[in-house]
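Read the structure below first, then the notes.
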Amino acid sequence: MARVVITGMGAIAPNGNGVRNFIDNSFNGKVGIKKISKFDASETGITVAGEIDDFDPKEVIGKKAARRMDLYSQYALQSAIEAMEMADVNENNTHPEDIGVIYGSGIGGLTTIQEQIIKMHEKGPKRVSPMFVPMSIANMAAGNISIHFNTQNICTSIVTACATGTNSIGEAFRQIKEGRAKVMIAGGSEASVNEIGIAGFAALTALSTATDPQKASLPFDKERRGFVLGEGGATLVLEDLEHAQQRGAKILGEVVGYGTTSDAYHITSPDPTGAGAAKAMQLAIDEAGIAPGDVSYINAHGTATHANDEGEAKAINKVFGEDSNVRVSSTKGMTGHLLGAAGAIEAVLTVAALQNGKLPMNIGCFNQDPNCSVNLVTEKNQNALDAHYALSNSFGFGGHNAVLAFKKWE
């Protein structure tokens, strides 16, 4: 079995466009949640979102290519280009048949779907764009990335709601570990901050109705009132260790485990006992060949909904014990919840945490819920030079649980 390392990362998130900006801002506790400006959201009852307001697709993707992509594909391709440039993988050092893509989105081209349905309703079916289908379907981020880089190994998409990004990276890890590819481009993207996206989640009463962006996303807080919808994307370049070393690549970290399970419980609510989430964490730890006590940090799913945070805290305590010193943070207090992209941007932060010996704080928790008894990362305990292993958790509607285990590269 091959060892799998990370040689490139790219990201665009509400609190940082570009992976360096995103990492630096996140470790400094910058909140990227802001008042919704893309449309008039007043009738939805929701006023804030993790909106990206400094993205110009022409700068990286090009004007012509961007016109043929929904925003979620644009986010995906920009982050993939950044990650591949960092990794310096190209046809001179890696055969196209050895490079694959597993990249997903929870929803796909929701902006395009909304726009074209309105156009059909107002102007008739003949006015629907011929690009409607290829722009809106949820596999086209993967397809566009593969076409851009001429990758000829597997190219597929995973759709597991909010677990999508983590499942995509995990399945890409397996492709390399089991010898089916040398390099994999993996991650997730989402662009659902629009009328139907906000209205749909608001109708589920899943979204925070807070008006203060600094106090809207409150993971593990006693006063949490739902998640804040975010947008963006992130990409990891995974590589066979031997291949990376042969070409002199800079290694950022190592993927050492992946666990995925199903709650088989409810279409939107997680199992309140946390059993499925706990099992996924344990599977990732077991594959890594370590004990729970070896894990220094968990990037929690932590959506700031009552059901998720309490269930996840129970799951962590099942695996690590009630008195564990493992530090935990949800970074959604800064970014909001990026749905299918959440696990990807959080994987970037988890790798960076081990690399830099510093953990991202759990921004947005002012009064910790006693029913969420985990050891949250604060400014006082975020230094982690001794951290060697970390987990990143993602849980999605439908009962999907996915966990990645990362190791510091030394």
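I want the local charge near residue 94. Using Cβ-Cβ distances under 12 Å, sum +1 for each Lys or Arg and -1 for each Asp or Glu among the other residues. Show your work: numbers first, answer last.
Numbers: positive: 182, 247; negative: 88, 91, 97, 98, 239, 240.
Every neighbour counted, the sum reads -4.
How long are the semi-axes of the ellipsoid equivalent to the chain, from square roots of 5 times the Cα gyration tensor eigenvalues, in whole Å, largest first? It would help to have the intermediate numbers written out before the result.
Details: eigenvalues 171, 154, 65 Å².
In descending order, the three semi-axes are 29, 28, 18 Å.
Which of the lysines could a cross-linker span from residue 123 if the Cα-Cα distance has to be under 27 Å and same-chain partners fewer than 8 positions apart are dropped?
Hits, sequence-local ones excluded: 38, 63, 64.
When ligands, DNA and RNA are left out and all protein chains stay put, how many square angstrom of accessible area per residue does the chain have with a 1.4 Å probe?
On the way: 15790 Å² over 410 residues.
That works out to 39 Å² for each residue.
Give the aspartates and glutamates reachable from residue 34 as a straight Cα distance under 14 Å; neighbours fewer than 8 places away on the same chain don't count.
51, 53, 54, 212, 231
Considering the chain as a Gaussian network with a 10 Å cut-off on Cα pairs, which listed residue, 159, 193, 128, attains the greatest mean-square fluctuation?
Its mean-square fluctuation being the largest, the pick is 128.
Take residue 251, project a point 7 Å from its Cα along the Cβ direction, then tell me which residues of region 80-118 have their backbone nitrogen under 17 Å from it.
What the label zone holds, given the 17 Å backbone N cut-off, is 87-89.
Quick one: of 177/318; 222/314; 332/408; 30/332, which pairs are farther than 19 Å apart, Cα to Cα? Don't skip to the answer; put the middle values down first.
Details: 177/318 29 Å; 222/314 16 Å; 332/408 23 Å; 30/332 11 Å.
Over 19 Å apart, Cα to Cα: 177/318; 332/408.
Cα-based Rg (one decimal) and Dmax (whole number) for region 57-159, in Å?
Over region 57-159's Cα set, Rg and Dmax evaluate to 15.2, 52 Å.
What Kirkwood hydrodynamic radius, in Å, does region 284-338 give when the mean of 1/r is taken over all pairs of distinct Cα atoms and then inverted?
Values: mean 1/r = 0.0823 Å⁻¹.
When all Cα pairs of region 284-338 are included, the Kirkwood radius is 12.2 Å.
Taking the Cα centre of the chain as origin, work out the dipole magnitude from +1 charges on Lys and Arg Cβ and -1 charges on Asp and Glu Cβ, in debye rounded to 20. Walk me through the numbers before you get to the answer.
Numbers: 34 positive and 44 negative charges, 138 e Å.
Here the chain has a charge dipole of around 660 debye.
GNM on the chain, C-alpha springs below 10 Å: top fluctuator among 122, 239, 91?
122
If you roll a 1.4 angstrom probe over the protein chains with everything in place, what fraction of the accessible area of the chain belongs to carbon and sulfur, to the nearest %? Walk me through the numbers on the way to the answer.
On the way: 7800 of 15790 Å².
Ligands and nucleic acids excluded, carbon and sulfur give 49 percent.
Let me have the relative contact order for region 288-355, percent, based on Cα pairs under 8 Å that are six or more residues apart.
Working: 45 pairs, mean separation 25.4, N = 68.
Normalised by residue count, the contact order of region 288-355 is 37 percent.
Given a 10 angstrom Cα cut-off, can you work out which residue in 125, 272, 213 is the most mobile in a GNM of the chain?
125
When Lys and Arg each count +1 and Asp and Glu each count -1, what net charge do the other residues less than 9 Å away from residue 388, Cβ to Cβ, add up to? Intermediate values should be presented prior to the final figure.
Working: positive: 407, 408; negative: 294, 386, 410.
Residues close to residue 388 contribute a combined charge of -1.
Tell me, what is the FRET efficiency for residue 291 and residue 67 to the nearest 0.05, using R0 = 45 angstrom and their Cβ-Cβ distance as r? Kindly include the intermediate steps, with their values, before the conclusion.
Numbers: r = 52 Å, r/R0 = 1.15.
Efficiency, from the Cβ-Cβ distance: 0.30.
Please give the Cα centre distance for region 244-269 versus region 132-200, rounded to the nearest Å.
A separation of 14 Å, based on Cα centres.
Modelling each spin label as a point 7 Å along the Cα-to-Cβ direction, I'd like the residue 325/residue 59 distance in nm, to one decimal.
For residue 325 paired with residue 59, the spin-label model returns 4.3 nm.
With a point put 7 Å past each Cα toward its Cβ, work out how far residue 196 is from residue 386 in nm, to one decimal.
Placing both labels 7 Å beyond Cα along the Cβ direction yields 5.2 nm.
The values are calculated or read from the model by the stated rules, or taken from the named source; none is laboratory data. Note that the structure is predicted; figures quoted are calculated from it, not measured. Here Cβ is always computed from backbone atoms with ideal geometry, including for glycine, and neighbour counts include all displayed protein chains. We work out accessible area using only protein heavy atoms, side chains counted, and drop any ligands, DNA or RNA first. Shrake-Rupley method; radii C 1.70, N 1.55, O 1.52, S 1.80 Å.
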